[in-house]
Amino acid sequence: MNPLKPALWYVCAVKRRAVGIFYLIQYAAFGLVCLLVALFTGRVAATYNGMEAASAAFVGVVGVLTFQEDFRALLQQGCTRRCIFAASVCQFGLLACFMAAVDTALTQLLHRLMPTFVTVFGLLYGQRGALVNGLWLAAAYWFVCSLCYLAVVVRGRVGKTTFLALGVGALALLVVFVTFLRLVVPRAAARAALTVLGLPPGGGVHPLTPVLLFLALGALLSACSYALLRRTECF
């Protein structure tokens, strides 16, 4: 039997309950906010722009919280590192697509019920079709999962102290790089950043451009994770 199927089932088992609890808490909090707004203002309306950000944080956290336990358990069951990596990547893809579909459907519904309800995607690109919105969210969630997965693999590979030092160094280099771009080539950097995000200075929006960027970056980060994971004994 293909070992990928039971490995994928194992890594997804815990996440299913976590996803349900997350949505229950998030929309219960949103409903409470709407209720309080209605009680104090008399309007059944609310604006919440952090739904995608909350989901992105969730997929990043849930993607790495159980990584060490899953890695040890699957390794003891005789799974190869390639199988463990493939199961993790498939899990991230399924999680990203599922949560993107749920978030898109619910936010589209909420926007119809409450026109003041605006999402991050809506702020950037306007109210587009559900398909484009879902693709953008799925690619963004996939990128976040891949980034967090690489971070936890690096941490397990080099140790906590070295990982913290690398994180501080990377953050410092990022600040220096951004500052350099702002001071030396501010206009060119701004135009390039906006174009990559699908917001070219010449006008118009292209939300599929960042989708391709997120997918490419996610694939690159996943390749780096596999290169480190294949040489890792255990965490």
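The values are calculated or read from the model by the stated rules, or taken from the named source; none is laboratory data. Please read these numbers as outputs of a predicted model, since none were measured by experiment. Here the Cβ positions follow ideal geometry from the backbone for every residue, glycine too, while neighbour counts run over all protein chains shown.
Things worth noting here:
- Odd one out for Val102, checked against (1) buried (at least 16 other Cβ atoms within 10 Å of the Cβ); (2) modelled with pLDDT of 75 or more; (3) β-branched (Val, Ile, Thr): (1)
- Count of the stretch 150-162 residues, restricted to those that are modelled with pLDDT under 85 and under 17 Å from Val61 (Cα atoms), is 6.
Yes/no matrix, rows are residues, columns are (1) under 25 Å from Cys148 (Cα atoms); (2) modelled with pLDDT under 70:
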residue	(1), (2)
Lys5	yes, no
Trp9	yes, no
Val33	no, no
Thr47	no, yes
Ala54	yes, no
Phe58	yes, no
Val64	yes, yes
Phe67	yes, no
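- Of all residues in the stretch 118-170 being of a type outside the set (D, E, K, R) and not in a helix (DSSP H, G or I), the one that is farthest from the chain's Cα centre (by Cα): Gly159
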